[in-house]
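The next block holds one structure in the form of structure tokens; read it before the comments.
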Amino acid sequence: MAIFVYMAAMKQIFLKFKFDIALIVIALLWLYVFDFLFQISTQSIGCPDCNSYLSAAKNLYQLHIGNQYRPMGIAAINGFPLLFGFSDDAVFAFGYYVNIGCWIGTTLVIFELSKTYLKPKIAFLVALVLIFFIGNTTLVFQLMSETVFMFAIAVVFYFLFKYFKNNNFSSLAIALSIMIFAMLIKPGALFLAIIVSLFFVKVLIRNYGSRWMALVYGAVLLVMVQCAGIKYQFGNFTISYIDGLTYYNYLGSKAKCMKEDEIFNQQNNPYGMPHFSALPSEQKKIAVEDLKFQLQTNTVNLARAYADDVYGNTTSGSSYVLECENKWNTTYFETSKFVFYSASQWQNIFFTIIGFLLSIWYFFKGNQQFRLIAIFVIYTIVSSGISCDQGDRFHVITFPFVLLLIAKFLVENFFKRHAARLQT
């Protein structure tokens with residue numbers, strides 16, 4: 001008798017979560033196919049950024065110090081195996097599984113958010129599209145922050161949607177605490193977190209004594225600890241020095257190259273500033289002074305370099321696919337490489353342009369939830385201009401949210417006659 005009760009219960013669970021289960025299975029199968037086609041397990045692709053994340057993790061767990069470029073949030077996540085004495089290889093392996101969890105988690109959250117204005121079957125199709133974004137898939141195999149950050153932002157919007165639906169302050173507090181903590185995953189989220197927090201400043205003031213505010217205060221405290229640690233270790237009260245170094249080595253250097261009529265080359269950059277060329281505090285000072293100087297004396301080329309960076313970040317495909325080598329000498333490898341890189345390139349072009357245009361639309365025309373999504377998409381695309389030559393890496397984190405905007409726009413403007421059948 002007990003076995004039948006158990007089977008009935010399992011059937012109910014399956015029926016309730018059938019779409020979620022299907023998305024998980026399809027995602028894992030897709031990863032397997034991608035791994036097989038590009039022989040990921042045999043690749044030895046050099047990744048300087050990956051090594052910097054490993055270095056930050058080792059600093060935190062082994063040396064108990066900070067890293068000037070990668071904050072303690074992502075270092076704590078990636079370096080968890082080091083707590084138990086595991087090797088560097090274990091960190092990369094653990095990061096891979098963390099990325100899988102965050103990538104699939106993002107897919108499931110997008111499915112849940114889509115269901116707020118679409119029927120489950122249609123929401124399932126929206127989430128299904130996310131799985132097959134080439135750029136997002138390749139990031140799963142790399143020890144970087146984008147996939148973890150993307151999941152964090154998805155969870156932020158999940159709780160923001162709940163807040164706007166139920167007006168429950170606990171949901172807002174959870175969302176803002178994760179948004180603030182996201183700065184310790186990706187320092188570039190600093191101004192985004194400030195903008196989102198200011199969006200709710202009146203609500204926060206009214207609820208400053210709520211027990212749920214402990215989450216927000218706790219997240220702010222962690223950011224302060226990060227900044228204080230960097231000041232003690234390197235000299236400046238800041239989350240990270242990555243912004244100054246990135247500006248100087250990419251946007252600033254490219255503007256100088258344009259002024260001198262030279263071709264910018266990331267690997268052979270005569271105007272670059274190597275990581276070891278000066279103390280982090282000096283690097284920041286040099287970068288700030290250079291920005292001021294170029295704004296005054298090289299404004300046109302700085303603007304040209306910025307526009308060129310955004311254009312390159314919009315029209316490039318997955319650099320990871322390009323770097324894969326045919327280790328097994330298979331006959332289909334080069335064809336697969338061409339097809340997948342081209343697909344990633346067109347995905348980037350389409351979803352960046354459509355995402356930017358729809359974000360402008362919903363910034364002015366949308367409700368509060370979609371206005372905040374629009375702010376995130378615009379902020380990410382606009383801020384990507386500080387760097388270049390990274391393939392589609394900067395923009396792919398917006399794609400899950402662009403899907404939400406596209407689905408919303410189509411329902412509201414093109415499928416009005418069928419809206420009752422598409423919406424819940």
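The values are calculated or read from the model by the stated rules, or taken from the named source; none is laboratory data. Note that the structure is a prediction, hence the values are computed from the model and not measured. Cβ placement follows ideal geometry from the backbone for every residue including glycine, while neighbour counts extend to all protein chains displayed. Note: areas computed on protein heavy atoms with side chains; ligands, DNA, RNA excluded. Shrake-Rupley method; radii C 1.70, N 1.55, O 1.52, S 1.80 Å.
Extension gain, Gln43-Glu323: 0.36 nm per intervening residue step, less the Cα-Cα distance, totals 99.9 nm. When nucleic acids and ligands are ignored and a 1.4 Å probe is applied, Tyr53 ends up with an accessible area of around 10 Å².
The heavy atoms of Arg371 offer some 60 square angstrom of accessible surface to a 1.4 angstrom probe.
With N counted as the residues of the range 268-424, its alpha-carbon radius of gyration over 2.2 N^0.38 Å works out to 1.36. Taking the C-alpha atoms only, the angle from helix 120-131 to the longest principal axis of the chain is near 30 degrees.
Cross-link list Lys18/Lys365; Lys162/Lys186; Lys259/Lys337: which exceed 30 angstrom alpha carbon to alpha carbon? Intermediate results must be reported in sequence, preceding the final value.
Details: Lys18/Lys365 35 Å; Lys162/Lys186 25 Å; Lys259/Lys337 36 Å.
Those over the limit are Lys18/Lys365; Lys259/Lys337.
Using just its DSSP H runs of length 4 or more, each adding -39500 (n - 2.57), the chain gives a mean residue ellipticity at 222 nm of -22000 deg cm²/dmol after division by all residues.
Computed from backbone phi with θ = phi - 60° and the Karplus coefficients 6.51, -1.76 and 1.60, the 3J(HN,Hα) list for the range 259-268 is 5, 8, 6, 10, 8, 6, 9, 4, 6, 10 Hz; x is used for glycine and proline. Taking a straight Cα-Cα cut-off under 19 Å and skipping sequence neighbours fewer than 8 places away in the same chain, the aspartates and glutamates within cross-link reach of Lys58 are Asp49, Asp88, Asp89. Spin-label pair Thr330-Asn168: with each label point 7 Å from Cα along the Cα-Cβ axis, the two points sit 4.6 nm from one another.
What percentage of the solvent-accessible surface of the range 305-408, computed with a 1.4 Å probe over protein heavy atoms, is contributed by carbon and sulfur atoms?
Details: 2830 of 4290 Å².
On the range 305-408, the fraction of accessible area on carbon and sulfur atoms equals 66 percent.
For the pair Val300 and Glu412, the difference between a 0.36 nm per residue extended length and the Cα-Cα distance amounts to 36.2 nm.
Compare Ser342, Ser87 by solvent-accessible area with a 1.4 Å probe and give them largest first, with all protein chains kept in place. Let's see the in-between values first.
Details: Ser342 30, Ser87 65 Å².
Descending accessible area places them as Ser87, Ser342.
In this simple spin-label approximation, Tyr232 and Phe363 carry label points 7 Å from Cα along the Cα→Cβ vector, and these lie 4.0 nm apart.
Between Leu29 and Tyr96, how high is the FRET efficiency from 1/(1 + (r/R0)^6) when r is the Cβ-Cβ distance and R₀ = 22 Å? Nearest 0.05.
Working: r = 17 Å, r/R0 = 0.76.
So the FRET efficiency works out to roughly 0.85.
Accessible surface for the chain, divided over its residues, is 49 Å² per residue with a 1.4 Å probe. These residues, Trp346, Trp328, Trp30, go from largest to smallest accessible area, 1.4 Å probe, as Trp346, Trp328, Trp30. Remark: the range 234-241, residue by residue, has Karplus-estimated 3J(HN,Hα) of 10, x, 10, 7, 8, 6, 7, 9 Hz, where x stands for each Gly or Pro and the curve is 6.51 cos²θ - 1.76 cosθ + 1.60 at θ = phi - 60°.
For Ile21 and Glu282, the difference between the fully extended length at 0.36 nm per residue and the C-alpha to C-alpha distance is 88.8 nm.
Tell me, what is the percent relative contact order of the chain, built from C-alpha pairs under 8 Å that lie six or more residues apart? Working shown, then result.
On the way: 562 pairs, mean separation 76.6, N = 424.
After rounding, I find 18 percent.
First check a/c for the chain, with a ≥ b ≥ c the square roots of the eigenvalues of its C-alpha gyration tensor; if it is under 1.5, answer rounded, and if not, answer prolate when a/b is larger than b/c or oblate otherwise. Note, shape of the chain comes out rounded. For the chain, Cys102, Cys227, Cys257, Cys324, Cys388 stand unpaired, since no other cysteine beta carbon lies under 4.7 Å from theirs. Can you pull the percent of the range 138-182's accessible area that's carbon plus sulfur, 1.4 Å probe, other chains left in place? On the range 138-182, the fraction of accessible area on carbon and sulfur atoms equals 54 percent.
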